[in-house]
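Encoded as structure tokens, the structure appears first; notes follow it.
The values are calculated or read from the model by the stated rules, or taken from the named source; none is laboratory data. Please read these numbers as outputs of a predicted model, since none were measured by experiment. Neighbour counts run over all protein chains shown; Cβ positions are idealised from the backbone, glycine included. Protein only, heavy atoms only, side chains kept; ligands, DNA and RNA dropped before computing areas. Shrake-Rupley method; radii C 1.70, N 1.55, O 1.52, S 1.80 Å.
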Amino acid sequence: IFFIEALGSTLSHWLSFNWLLLPFVMLLVTLVAAFIVVFVLLLYMISPLISPKPLKLNGAHVVVTGGSSGIGKCIAMECYKHGAFITLVARDEHKLVQAKKEVEKCAINDKQVVLCISVDVSKGYNQVESVIKQAQEKLGPVDMLVNCAGMSISGTFEEVGVDSFKKLMEVNYLGSVYPTRAVITTMKERRMGRIMFVSSQAGLIGLFGYTAYSPSKFALRGLAEALQMEMKPYNIYVTVAYPPDTDTPGFAEENKTKPLETRLISETSGVCQPEQVAKVVVKDALQGNFTSAVGPDGYMLSALTCGMSPVTSITEGLQQIVTMGLFRTIALFYLGSFDSIVRHCMIQREQSKAADKRE
């Protein structure tokens with residue numbers, strides 16, 4: 001009884017004390033809410049002042065590496081629909097000719113031109129510099145460079161040949177460094193330009209089977225962040241695109257040798273069409289957005305891993321701040337399911353080996 005009376009007395013004092021504090025608490029909450037509203041309104045007001053001016057493609061010269069098929073070809077077609085002049089760069093001359101015909105069907109005026117140049121952008125800077133110079137002599141300075149040349153090799157770390165690690169860095173990373181180096185000086189002189197690096201969602205998260213592929217795509221982000229800091233004073237904006245699995249010839253070829261774990265993890269999200277990816281990434285590049293993500297999974301990954309990456313508007317930064325905690329929570333469930341897939345496949349494989357030995 002004494003305990004109950006003491007508890008009641010304490011509760012009574014606590015309630016009376018808090019009733020006295022209530023007006024102050026309400027005032028504090030009101031002030032905080034008002035501050036947040038004013039802060040958000042201020043962000044929206046000053047956001048256009050720091051955002052880059054959109055690039056207009058009508059009459060612009062766009063160079064697309066890896067432009068003979070897949071996402072690269074669709075990006076070229078999307079740019080051509082905006083009135084751009086296009087230079088397609090790829091290794092296979094036959095595919096380039098076919099791609100040129102498809103791109104030309106997207107013309108909006110009879111002045112547009114599609115130029116094809118066959119070169120392996122991973123084989124050395126001098127060759128790439130030479131073909132870029134050739135393209136600029138014919139179609140004028142490059143207004144936008146799209147680095148889309150790339151390839152994928154999947155397999156477990158022990159199974160992937162050592163040479164494949166080198167090859168992927170040469171194609172996916174250096175194959176983007178060389179064309180960018182070839183156009184950057186002219187862009188700086190003209191105080192304008194756009195550079196796009198087509199990475200992958202595997203360039204945001206390392207997954208089973210991508211020990212050779214993911215690092216080559218992660219490297220593009222590091223290059224892009226450093227380059228953007230150097231180029232921003234010259235009104236040159238860099239975009240890193242992170243497309244998901246996309247229905248392209250390269251994706252079909254990769255699926256032939258993809259480990260079971262990698263395939264099962266990939267199937268947790270859908271497969272996009274290259275035309276859809278092209279529309280999103282071209283729009284983001286023209287706006288000068290640093291990050292270009294496709295679909296809800298892509299948006300979550302890019303926001304979750306934004307780290308110290310640049311933003312092109314205060315609004316974008318605010319969205320990342322607000323969503324970071326929620327996205328991290330969701331990501332933990334994804335990671336748990338991925339680990340479960342890998343563990344289940346390992347158990348099945350060991351059971352199969354044990355059964356073979358018994359036979």
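Per-structure values
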| read-out | value |
| --- | --- |
| Cα gyration tensor, the chain - rounded (a/c under 1.5), prolate or oblate | oblate |
| Loop trypsin sites (Lys or Arg not before Pro), the stretch 112-156 (other Cβ atoms within 10 Å of the site Cβ: 15 or fewer; DSSP) | Lys123 |
| Set of aspartates and glutamates near Lys258 by C-alpha distance (under 17 Å), chain-local residues within fewer than 8 positions excluded | Glu158, Glu159, Asp245, Asp247, Glu267 |
| Built amide H within the under 5 Å cut-off of His61, gap 5+ | Phe85, Asp143, Met144 |
| Amide H within-cut-off set for Thr291, under 5 Å, with H built and near neighbours excluded | Val240 |
| Long-range HN-HN contacts of Thr211 with modeled amide H, under 5 Å | Gly155 |
| 1.4 Å probe accessible area per residue over the stretch 137-259, in Å² | 43 Å² |
| Prolate/oblate/rounded call for the stretch 247-359, Cα gyration tensor, a/c under 1.5 rounded | oblate |
| Cα centre as origin, Lys/Arg/Asp/Glu Cβ charges: the chain dipole, Debye | 820 debye |
| About the Cα centre, charge dipole magnitude for the stretch 208-356 (Lys/Arg +1, Asp/Glu -1 at Cβ), debye | 160 debye |
| Set Lys100/Lys133; Lys133/Lys256; Lys95/Lys138 screened for pairs whose C-alpha atoms are more than 28 Å apart | Lys133/Lys256 |
| Backbone HN-Hα couplings from phi across the stretch 215-230 [Karplus 6.51/-1.76/1.60, Hz, Gly and Pro as x] | x, 5, 8, 4, 4, 4, 5, x, 4, 5, 5, 5, 5, 4, 5, 6 |
| Most mobile of Asp284, Asp92, Asp163 in a GNM of the chain (Cα contacts under 10 Å) | Asp163 |
| For the chain, built as a Gaussian network whose Cα springs stay under 10 Å, the top-fluctuating residue of Val183, Val162, Val277 | Val162 |
| Derived scalar couplings ³J(HN,Hα) [the stretch 111-117; Karplus, 6.51 cos²θ - 1.76 cosθ + 1.60; whole Hz; x for Gly, Pro] | 8, 5, 9, 10, 9, 10, 9 |
| Surface per residue (accessible, 1.4 Å probe) for the stretch 266-359, Å² | 59 Å² |
| Shape category assigned to the stretch 97-141 from the gyration tensor of Cα positions, a/c cut at 1.5 | oblate |
| Per-residue ³J(HN,Hα) for the stretch 349-356, Karplus 6.51 cos²θ - 1.76 cosθ + 1.60, θ = phi - 60°, Hz, x for Gly and Pro | 5, 5, 5, 5, 5, 5, 5, 5 |
| The chain: relative contact order as a whole-number percent, Cα under 8 Å and 6+ apart | 16 percent |
| Fluctuation leader among Cys148, Cys306, Cys79 - the chain, Gaussian network, Cα springs under 10 angstrom | Cys306 |
| Portion, in percent, of the accessible area of the chain that falls on carbon or sulfur, probe 1.4 Å | 62 percent |
| Compactness of the stretch 59-204 as Cα Rg over 2.2 N^0.38 Å, two decimals | 1.06 |
| Nearest-ten-degree value, helix 274-287 long axis tilted from longest Cα axis of the chain | 80 degrees |
| Residue order for Ile347, Ile321 - accessible surface, 1.4 angstrom probe, largest first | Ile321, Ile347 |
| Alpha-carbon centroid distance for the pair the stretch 274-291 / the stretch 228-247, whole angstrom | 10 Å |
